[in-house]
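For reference, the structure is listed below as structure tokens.
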Amino acid sequence: MNLIFLGPPGAGKGTQAARLSEEFSIPQISTGDILREARKNKTPLGQKAESFMVQGQLVPDEVVIGIVEERLRESDCQNGFILDGFPRTTAQADALGQMLLSLGRQINQVISFSVDDAAIISRLSGRRVCSDCGASFHVEFSPTTVDGVCDKCGGKTYQRKDDQAETIKERLDVYKKQTQPLIDYYSNLGALISVEGQGSVDDVLNASKALCHLRRDFS
Ligand code: AMP
């Protein structure tokens, strides 16, 4: 099963993708995570992406398209994948279509998560992420047991720079201008399902699975 998770920042795409990835043993491909890792390791890719990410802007299309092209060719993607945070522009969606065509594959389903702006702002501004394993917490809704310490691996949690108030607003604007048009794009291809992303993690997950009839044998 080849899936795309679409939605504004803070819609819960990453959380849902992690759960489904585990359940169906297919990789979660988060371009945001790949870019953050590159920044952490100060690689040329990370240095190229840095200024865009800090400002809440999109990293240039050709950079992220190259990352995904390489990643989809890896052997663990043979049985499927979940694209989390890609594509984010029409040019990326077109490039993905070409990529998959050349690999003889196609997208089975695009799940669009909708969450209103107020909830997004509250989710993102309270989000804390583990610097070691990437697990995500929220100061109010799912706090760590010990302040600043990851419950999963004991690593240090931190607030992403782009989760600070002024950058959240920029990211939301960027989403509306550049990514939201993909809802129509995939809807016109008959691949889109919309899920209300505001409930509990379990409710949203169950709604996603029910709506797209996810099955283990989905090819
Ligand atoms: P995310 O963790 O998905 O919210 O991504 C964090 C940041 O990484 C975004 O604000 C962008 O700067 C960059 N990024 C992630 N995915 C993409 C993408 N598909 N296209 C362009 N920039 C991206």
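Here are a few things to note about the model shown:
- Scan of region 96-123 for residues that are exposed (fewer than 13 other Cβ atoms within 10 Å of the Cβ) and farther than 24 Å from Ser187 by Cβ, ordered by number: Ser102, Gly104, Ala118
- Residue check: Asn2 meets all listed conditions (1) surrounded by 20 or more Cβ atoms within 10 Å (Cβ to Cβ); (2) in contact (Cβ under 8 Å) with a residue 60 or more places away in the chain; (3) within 11 Å of the ligand (Cβ to nearest atom) but one, namely (3).
- Wholly within region 30-148, strands (runs of 3 or more DSSP E) carrying at least 3 residues that are under 22 Å from Ile193 (Cβ atoms): 81-84, 109-114
- Considering (1) surrounded by 13 or more Cβ atoms within 10 Å (Cβ to Cβ); (2) more than 15 Å from the chain's Cα centre (by Cα); (3) away from the ligand (no atom under 14 Å from the Cβ), the lone condition that Glu170 does not fulfil carries the number (3).
- Flag if Asp162 is open to solvent by less than 50 Å² (accessible area, probe 1.4 Å) and either under 22 Å from Lys40 (Cβ atoms) or not in a loop (DSSP other than H, G, I, E, B) (or both): yes
- Ala93 being farther than 20 Å from Glu170 by Cβ, open to solvent by less than 20 Å² (accessible area, probe 1.4 Å), at pLDDT 95 or above and not hydroxyl-bearing (Ser, Thr, Tyr): yes
- Criterion (open to solvent by 50 Å² or more (accessible area, probe 1.4 Å) and within 11 Å of the ligand (Cβ to nearest atom)) met by exactly one of Glu62, Glu70, Glu74: Glu62
- Verdict on Thr31 being open to solvent by less than 10 Å² (accessible area, probe 1.4 Å), within 14 Å of the ligand (Cβ to nearest atom) and of a type in the set (S, T, N, Q): yes
- Selection count, region 182-199, where residues are surrounded by 13 or more Cβ atoms within 10 Å (Cβ to Cβ) and within 17 Å of Val115 (Cα to Cα): 9
- Region 34-59 - residue that is near the ligand (Cβ under 7 Å from one of its atoms) and of a type in the set (A, V, I, L, M) and, of those, farthest from the chain's Cα centre (by Cα): Ala49
- Cys153 being open to solvent by 30 Å² or more (accessible area, probe 1.4 Å) and either more than 15 Å from the ligand (Cβ to nearest atom) or within 21 Å of Lys40 (Cα to Cα) (or both): yes
- Test for Ile26: is it touching a residue at least 40 places away in the same chain (Cβ under 8 Å) and on the phi < 0 side of the Ramachandran plot: yes
The values are calculated or read from the model by the stated rules, or taken from the named source; none is laboratory data. Bear in mind that the values here come from a model prediction, so they are computed numbers and not experimental data. Here Cβ is always computed from backbone atoms with ideal geometry, including for glycine, and neighbour counts include all displayed protein chains. The accessibility values were calculated without ligands, DNA or RNA, using every heavy atom of the protein model including side chains. Shrake-Rupley method; radii C 1.70, N 1.55, O 1.52, S 1.80 Å.
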